[in-house]
Every structure is written in structure tokens, then in C-alpha cells.
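Just below is one structure, and these are the notes that go with it.
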């Protein structure tokens, strides 16, 4: 009976030596893993959605495959309300391979602007909760979680409609010219139309004007809106006070009215 017990002890010892060596080689192999992030890409999607695509570069030069790689991101607004959630799963990344994975997140612009108008007009921050995990060498599960701040650039940053400038267009109409300007601080190009209604201090609609625009990311837009006011409706020379109603229409969102007083 002593020999089998001794052999069992030897076998157990050998098993633990092999297991320890395997764990050591797996742990050593981790140093040959490298992770990197590419530049985010933004694409307009149907239904007023913005597709945020983040490239993840994984170079597995270790001895073992990575299995069940997964990443989940949750975008939240300044009040902590969830805006979007997305997950990406890759069953296996073989050893010796260099792969690029695209983690795609869809942001609803309509939902975002319903919560906070300032995302349209002012730069702000979004909170991103990131959870990533994988199974290394089918033995070592790893999971990490962190929160990061994502800077949000407003597409209509510093949006301005200046005081209407009046002049006489002809014997029946006056003309009001309103300078318009804004800066696209967003990380994407976009185009659309701005419709503006001009009201006097008596809440009378004096006229309506449109401006089509196409603006590159991190660029400024400037132009003029012109309103033709029938003299029989309002004496334009006395319409020095009032307000403007602004309606935005783009492939990413519809928003309005934004009311801007003047005078």
C-alpha cells in the first residue's frame, strides 16, 4: 500500500509542478500582449443616430490564445442618465496574430437633445463606463472596469443671431438682414437647414428665412438671413424689439424652436 501512496504523491507533485510552470509561462506570456486604440470614427446613421466606431488593436505575440474577449461601454449624460450601451464580443484571438476590432456605439441625437439642449450649443462632457474582459490561456480570467470622461463638442457652439438690420427693399416691402454664425466643435462634418421666424415685440410674425449650410468639423460658419417684410403688416422701421424662433434640421437631428430675443 505504501508504493501506490508514494506514486500518488509523486504524481501530485509532478502535476503541481506542471501547473505552476504553465501558470508561470502564461503569466510571462502576458508581457507579449499589446493593446492600442485608433482614432474614433463618426458616421451618420438612419433615424437621427450617430455611429461611434472605436478601433481596438490587439497584438497577441504570447504563447496562448485569448478567448471570450469582450468590451462593454455605457455612455451617460451630465445627470448620470444612460444614453447608450453597446457590447463587442470576440470568441478567440489566436496566439501570434495581430487583429483590429471595431467597437461600435450608436448615440441617439434626438434622445440626447431631449435631455439637455446645451449639447447642441455648448461643449460638455459625457461619462463613459468601460468594462473589458478576456480569458487568457483558458485558465486566467481577467476583467477590468473604469470610468472616463469623453469631451463632447457642440455642433452649434456659440450660435449667434445678431440684431436685425432694416432697410427699404421697394415701395411695398422692407428687408431685415440678420447675421448668423456658429462654430462646429463636433468631431464630425454635418449639413442641414436652419429656419428662422422673425417676430416683433407684439408677437406678430414679420417674416421667415432659411439658410442651408454644410460645415466641416472644427470649422466656423457665417452667413446672413434675409426677411422681406410687407410694409402693410408691420412698419419695419419701428420693429426694433422682438424675438427669433430657430428650427434646426439635419440628417442627425431635428430641434426647435430655440427662442432668441433681440433689441
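The values are calculated or read from the model by the stated rules, or taken from the named source; none is laboratory data. Just so we're clear, the structure is a prediction, and the values are computed from it rather than from any experiment. Cβ placement follows ideal geometry from the backbone for every residue including glycine, while neighbour counts extend to all protein chains displayed.
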Flag for residue 132 being outside the structural domain of residue 76 (by TED's automatic domain parsing), surrounded by 12 or more Cβ atoms within 10 Å (Cβ to Cβ) and under 23 Å from the mean Cα position of the chain (by Cα): no
Tally, over the stretch 69-91, of residues that are surrounded by 15 or more Cβ atoms within 10 Å (Cβ to Cβ) and without any contact (Cβ under 8 Å) to a residue 40 or more places away in the chain: 4
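Rundown of residues vs (1) surrounded by 13 or more Cβ atoms within 10 Å (Cβ to Cβ); (2) more than 29 Å from residue 41 (Cα to Cα), yes/no style:
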site	(1), (2)
170	no, yes
185	yes, no
189	yes, no
209	yes, yes
215	yes, no
222	no, no
256	yes, no
Out of everything in the stretch 170-188 that is at pLDDT below 90 and in contact with a strand residue (DSSP E or B) (Cβ under 7 Å, 6 or more places away or on another chain), what residue ends up being nearest to residue 246 (Cα to Cα)? 176
Some residue of the stretch 244-256 being farther than 30 Å from residue 127 by Cα and in a strand (DSSP E or B): yes
Criterion first (over 27 Å from residue 59 (Cα atoms), more than 12 Å from the chain's Cα centre (by Cα) and not assigned by TED's automatic domain parsing to the domain that holds residue 257) does residue 97 satisfy it? no
Scan 68, 45, 26, 39 and give me the residue that is touching a strand residue (DSSP E or B) at 6+ places or on another chain (Cβ under 8 Å), under 19 Å from residue 134 (Cβ atoms) and at pLDDT 75 or above. 68
Lone unmet requirement of (1) surrounded by 14 or more Cβ atoms within 10 Å (Cβ to Cβ); (2) without any contact (Cβ under 8 Å) to a residue 40 or more places away in the chain; (3) not in a strand (DSSP E or B) for residue 240: (1)
